[in-house]
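Chemist: Supplied in structure tokens, the structure appears directly below.
The values are calculated or read from the model by the stated rules, or taken from the named source; none is laboratory data. Computed from a predicted structure; not experimentally measured. Counting neighbours? That spans all protein chains shown, and the Cβs are built from the backbone with ideal geometry, glycine included. For the accessible areas, the whole protein counts, side chains as well, though only heavy atoms, and no ligand, DNA or RNA atoms are used. Shrake-Rupley method; radii C 1.70, N 1.55, O 1.52, S 1.80 Å.
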Amino acid sequence: MQKGESVLIHSGSGGVGQAAINICLHAGCTVYTTVGTQEKRDFIKKQFPQLTDRNIGNSRDTSFEQLIMSETNGRGVDIVLNSLAEEKLQASVRCLAQGGRFLEIGKFDLDSNNRLGMKMFLKETSFHGVMLDKVFSSSPKIKKMLYDLVKEGISSGVVRPLNRTVFPSTEVEQAFRYMAAGKHTGKVLVQFRPEEERKVVIPALWLMQVHPRYFCNPNYTYIIAGGLGGFGLELADWLVLRGARKLVLSSHTGVRTGYQSFRVRVWRSYGATVVISLADITTKSGVRDLLSGANSLGQVDAIFNLAVVLRDRLLENQTEADFVTSAGPKSLATHHLDVLSRQMCPHLRHFVVFSSVSCGRGNAGQTNYGMNNSVMERICEARVRNGLPGLAVQWGAVGDVGLLAEKEEEQPDIQIGGTLLQKVSSCLEVLDGFMKEPYPVVASMVVAEKHVGNGGSDNLTACIANLMGMSNITKFPKICEQFMSKFFCEIILCA
Ligand SMILES: NC(=O)c1ccc[n+]([C@@H]2O[C@H](COP(=O)([O-])OP(=O)(O)OC[C@H]3O[C@@H](n4cnc5c(N)ncnc54)[C@H](OP(=O)(O)O)[C@@H]3O)[C@@H](O)[C@H]2O)c1
């Protein structure tokens, strides 16, 4: 930076903006800046009397480009310190003069791998990505250089304390929300300890409640069986937002809807590799293919089984084929995933299956579904006993997406197995906690108001038949009888 050069500093009322304006003015540069509101404009003029409205543009649109061009007679500025994104970044690039330097401190366009266009370099300009967080891992020489610069700046008055808004340590969330709203000027601070009158070398131990969050490793692979289903797409999105960049979504049909392909495109735009695996997870060889494909992307960190095929019917109408079909993606797939992941995924951190309240509490017409969920839960219990990861989540009725999404439109207060719909965003929040618990089987549901009665059955046999999903007990009197005698035997034995 040379005396006499011109500099455009975006978001001048922020902490970085104010600090940069101070330094540039002190170096004898002409400063242009941008702000988002009238209050911030007034703040800048008060803080830096050298700056007038002719030096201050708007950071919420691209009109600053016109201001710069008219104030510099079409020449542009020598340096841009940019933190604005997308079209505002492009407009800022156009503000560069011949030989100008562009310092990018915002991460949005870099992270999104957005295009820049080569034309800017015809003016012999240069573009620099500046990652302040990298300073922490830089060489001691660079750290010493920065330290000396700040020290010199403090003694010469260039580096001055910035104005700040201070939140108490109990209001960390509010502090982040305040900053995210972009209404602040200067620094937003969280005060953990009051200023000490005398310097205390070892501060007193300070305890605070924290909520650790589940994070994914971008180098590892995350498998979701049933990943293109309603809940599966939400889970995949959640994993990507938590850092996953390698996803294998297993499906027996592949991408069928525009919505599925839209979601996959969005994750790919974040830089994620998304593989749709059509391997048949109901067979051992299919699961082997799924796991070896996933391993070829990177070490498998977590396996989620959400795959389901419903064959709901009252027991008297069920066939053997219904039981076999519904067992495929749940009992069989989970069994193969368990056995093979023990050999093929030695570093697995999570093995999660989605079970249901239909298993935990029972639901008429879902005998095979309940049974298969139960098999998956027992597999998870065995895994935990063996010191391996294993988690089965019994969900109540899930809202917004998945199996019940269509029914929800017709009947928003629908009840399944005595539960009301739990929003999928709430399910994911709960899942975050479950993933850190040591228990193999957990449940999350919104329990509906309980009704007194026996479900419309007015004698014990009818009540048991109802529990077993039989509408017509006269067809199966023997089964009910046997069930009752076994039931009472067990009660007597327990007693
Ligand atoms: N939604 C709820 O209210 C609720 C409540 C309790 C528990 N759960 C559990 O949560 C999980 C997800 O449910 P959901 O609502 O998202 O259901 P969903 O929308 O029907 O998704 C399940 C997906 O499983 C896939 N699938 C079936 N067989 C497969 C196979 N052999 N291989 C690979 N994928 C297979 C299907 O996708 P393809 O056609 O792409 O193969 C289907 O879209 C299920 O395990 C369910 O039991 C859901």
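Chemist: Hey, can you grab everything whose amide H is under 5 Å from the amide H of Phe167? Only 5+ residues off in sequence or another chain; H modelled, so Pro and N-termini drop out.
Modeler: Leu189, Val190, Gln191
Chemist: Order 345-353, 328-336, 358-366 from most to least packed using the mean count of other Cβ atoms within 10 Å.
Modeler: Taking the mean over residues of other Cβ atoms within 10 Å, the ranking is 328-336, 358-366, 345-353.
Chemist: Still on this structure: Mind listing the phi-derived Karplus ³J(HN,Hα) values for the stretch 359-364, rounded to whole Hz, using 6.51, -1.76 and 1.60 with θ = phi - 60°, and x for any glycine or proline?
Modeler: Coupling constants for the stretch 359-364: 8, x, 10, x, 8, 3 Hz.
Chemist: Hey, which lysines would be in cross-link range of Lys199, C-alpha to C-alpha under 21 Å, not counting anything within fewer than 8 residues on its own chain?
Modeler: Lys199 reaches Lys151.
Chemist: Okay, next question. Could you order Ile276, Ile379 by accessible surface area, starting with the largest, using a probe radius of 1.4 Å? Write out the running numbers ahead of the final one.
Modeler: Details: Ile276 50, Ile379 25 Å².
These residues rank, largest area first, as Ile276, Ile379.
Chemist: Okay, moving on. Can you work out D for the stretch 319-392 in µm² s⁻¹ from Stokes-Einstein, where Rh is the Kirkwood radius over C-alpha pairs, the temperature is 10 °C and the viscosity is 1.306 mPa s?
Modeler: Approximately 125 µm²/s, per Stokes-Einstein.
Chemist: Let me ask something else about it. Roughly speaking, what % of Cα-Cα pairs in the stretch 115-173 are separated by over 13 Å, rounded to a whole number?
Modeler: On the way: 1332 of 1711 pairs.
Beyond 13 Å sits 78 percent of the P(r) for the stretch 115-173.
Chemist: Add -39500 (n - 2.57) for each DSSP H run of 4 or more in the chain, then divide by its residues: what number comes out at 222 nm, to the nearest 500 deg cm²/dmol?
Modeler: -11500 deg cm²/dmol
Chemist: Which value, in Å², gives the accessible area per residue of the chain when a 1.4 Å probe is used on the protein heavy atoms?
Modeler: 56
Chemist: Relative to the first principal axis of the alpha-carbon coordinates of the chain, what is the inclination of helix 140-156, with its axis defined by its Cα atoms, in degrees from 0 to 90 and to the nearest 10?
Modeler: 50
Chemist: Another question about this same structure. Expressed as an acute angle from 0 to 90° and rounded to the nearest 10, what is the orientation of the C-alpha long axis of helix 258-269 relative to the principal long axis of the chain?
Modeler: Value to nearest ten degrees: 40.
Chemist: Would you mind checking the pairs Lys3/Lys46; Lys46/Lys183; Lys284/Lys330; Lys134/Lys246; Lys40/Lys187 and listing those with alpha carbons more than 20 angstrom apart?
Modeler: Pairs exceeding the cut-off: Lys3/Lys46; Lys134/Lys246.
Chemist: Another question about this same structure. Which log10 I(q)/I(0) values does the chain give at q = 0.05, 0.12, 0.13 Å⁻¹ under the Debye formula, counting every alpha carbon as one identical point scatterer?
Modeler: Here log10 of I(q) over I(0) equals -0.33, -1.13, -1.22.
Chemist: Sequence neighbours fewer than 8 away in the same chain don't count; with that in mind, list the lysines whose C-alpha is under 20 Å from Lys423.
Modeler: Partners found: Lys407.
Chemist: Right, something else. Considering the stretch 190-314, what Rg and Dmax in Å follow from its alpha-carbon atoms?
Modeler: Final numbers for Rg and Dmax: 21.1, 76 Å.
Chemist: How far apart, in nm, are two points set 7 Å out from the Cα along the Cα-to-Cβ line at Glu124 and at Lys199?
Modeler: According to this spin-label approximation, the distance is 5.0 nm.
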